[in-house]
Amino acid sequence: RWLPPLDQPIAVGLAWFAQVQIPLRSLRRSHGGNEVVHIIPHIGIGGVQKHLVLIPKNRSRAYNHRVVVLRSGDRFFAPELNECGVGIYYLDSDEVRSALGLSSRKQSRSDPRPLLKVVTSSLPFCCETIKLSLFLRRLNPRPDLVHCWLLYANLAGSIAARLAGVQLVVTSVRNMQS
């Protein structure tokens with residue numbers, strides 16, 4: 001009951017921590033690489049999703065694009081992205097969970113899973129941001145640029161990318177409402 005109100009303040013703390021690390025990391029790593037990761041909430045039917053598909057379709061072959069999708073429910077544009085040779089990772093998939101060591105296994109008496117379940121359900125934004133950051137760190141090759149699409153991905157993706165040590169982060173909002 002007392003954890004949910006802490007989700008946003010903790011997220012602000014994560015953002016502040018990520019911002020403080022930027023000058024330190026810029027000394028250690030040069031940019032100019034070719035690895036671009038796009039983060040988007042879903043790849044279902046929509047104008048933003050179609051725009052995302054057009055970028056790798058018309059890209060220079062010098063750049064390698066990958067897409068991280070936060071919710072895997074609707075995969076309408078997945079076949080088109082696959083045709084372009086773009087790797088798609090679904091953050092809520094079993095594949096990503098097992099890559100991060102979060103896959104389900106038999107519970108033991110000392111298994112922290114019930115506590116972890118309470119924390120993840122109470123602090124959903126913070127947990128998803130940390131999970132995304134851990135996933136970006138594990139990508140090989142590591143991303144040189146992260147492009148976040150739409151509001152939720154802008155918030156979670158920009159913080160996660162900075163925590164993962166990505167130097168260049170682009171956020172974008174596309175909306176036809178006034």
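The values are calculated or read from the model by the stated rules, or taken from the named source; none is laboratory data. Quick caveat, the model's predicted, so the values are computed rather than measured. Neighbour counts run over all protein chains shown; Cβ positions are idealised from the backbone, glycine included. Areas reflect the complete protein model, heavy atoms only, side chains present, ligands, DNA and RNA absent. Shrake-Rupley method; radii C 1.70, N 1.55, O 1.52, S 1.80 Å.
Pick from Gly73, Gly87, Gly165: which is open to solvent by 20 Å² or more (accessible area, probe 1.4 Å), closer than 17 Å to Asn34 by Cα and at pLDDT 85 or above? The unique qualifying residue is Gly87.
Reported count of residues in segment 30-48, each being without any contact (Cβ under 8 Å) to a residue 60 or more places away in the chain and either surrounded by 18 or more Cβ atoms within 10 Å (Cβ to Cβ) or farther than 15 Å from Tyr89 by Cα (or both), is 5. Is one or more of the residues making up segment 37-47 in a helix (DSSP H, G or I) and either at pLDDT 75 or above or closer than 30 Å to Asp74 by Cα (or both)? Checked against the condition, which is being in a helix (DSSP H, G or I) and either at pLDDT 75 or above or closer than 30 Å to Asp74 by Cα (or both), segment 37-47 yields at least one hit.
Quick check on segment 132-141. Is at least one of its residues open to solvent by 20 Å² or more (accessible area, probe 1.4 Å), modelled with pLDDT of 90 or more, under 20 Å from His51 (Cβ atoms) and out of contact with any Pro (no Cβ under 8 Å at 6 or more places or on another chain)? Within segment 132-141, none of the residues are open to solvent by 20 Å² or more (accessible area, probe 1.4 Å), modelled with pLDDT of 90 or more, under 20 Å from His51 (Cβ atoms) and out of contact with any Pro (no Cβ under 8 Å at 6 or more places or on another chain). Against the test of being modelled with pLDDT of 85 or more and in contact with a strand residue (DSSP E or B) (Cβ under 7 Å, 6 or more places away or on another chain), the options Leu81, Leu155, Leu151 yield a single qualifying residue, Leu81. Against the conditions (1) at pLDDT below 90; (2) outside any loop (DSSP other than H, G, I, E, B); (3) open to solvent by less than 50 Å² (accessible area, probe 1.4 Å); (4) within 20 Å of Leu139 (Cα to Cα), Ser26 satisfies every one except (3).
Checking Val170 against (1) open to solvent by 20 Å² or more (accessible area, probe 1.4 Å); (2) under 12 Å from the mean Cα position of the chain (by Cα); (3) among the β-branched types (Val, Ile, Thr), which test does it fail? Every listed condition holds for Val170 apart from (2). Can you tell me which residue is least open to solvent (accessible area, probe 1.4 Å) among those in segment 100-118 that are modelled with pLDDT under 65 and touching a helix residue (DSSP H, G or I) at 6+ places or on another chain (Cβ under 7 Å)? Across segment 100-118, the extreme among qualifying residues is Ser103. Each residue in segment 134-154 was checked for being at negative phi and either over 10 Å from the mean Cα position of the chain (by Cα) or among the aromatic types (Phe, Trp, Tyr) (or both), and 13 pass.
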